1. Using 0.36 nm per residue of separation minus the Cα-Cα distance, give me the extension gain between S48 and D90 in nm, one decimal.
2. Placing unit charges on C-beta atoms (Lys and Arg positive, Asp and Glu negative, everything else neutral), compute the dipole magnitude of region 37-116 about its Cα centre in debye, rounded to 20.
3. Provide the net charge surrounding T61, with neighbours chosen by a C-beta distance below 10 Å and charges set as Lys +1, Arg +1, Asp -1, Glu -1.
4. For a protection proxy built on the mean count of beta-carbon atoms within 10 angstrom, sort 99-105, 54-60 highest first, please.
5. Please give the FRET efficiency for L104 paired with L71, using the beta carbon to beta carbon distance and R0 = 25 Å, rounded to the nearest 0.05.
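Just so you know, all these numbers are worked out from the coordinates, no wet-lab data involved. Computed from a predicted structure; not experimentally measured. Cβ: placed from backbone, ideal geometry, glycine included. Neighbour counts: every protein chain shown.
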Amino acid sequence: TEPISTVSSTAYSTTTTTTVATTTDDIKSTTASLGLSCYSCFDCPITSSTTAVIQDPNYNTCFTSLVTMELGSYVVRGGELDPRQDGECDKTDTAITCYCGDDLCNDSEDIRSHRT
């Protein structure tokens, strides 16, 4: 009975030590490989805990767009493949799109202060 208990205890200690070291490395590598997380929604002037989030290793920036049409305006949020300067905004006749580079950074309502 004692040798089985000793072997089991040794195996447990070895497995635990190996798992902890590997898990830490795996977490860092998995987090980096998952990519940028951005809110992703259409007609969403505000974000909340229920707002959809999309994560892609190819995203370089998140965006928030205010699109204005004859019947009104709406906000679109998502991720962008092209790298953009944090805080950079593009304006067209019907939309303004602002970019940011951190996880879930496209939650701001400030875009409504910009007019197209």
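1. Working: separation 42, 0.36 × 42 = 15.12 nm, distance 2.51 nm.
Computed gain between S48 and D90 is 12.6 nm.
2. Once rounded to the nearest 20, the dipole reads 180 debye.
3. Details: positive: R84; negative: E80, D82, D86, E88, D102.
Result for the neighbourhood of T61: -4.
4. Working: 99-105: 17.6, 54-60: 14.3.
Top of the packing list down: 99-105, 54-60.
5. Numbers: r = 30 Å, r/R0 = 1.18.
Once rounded, the FRET efficiency stands at 0.25.
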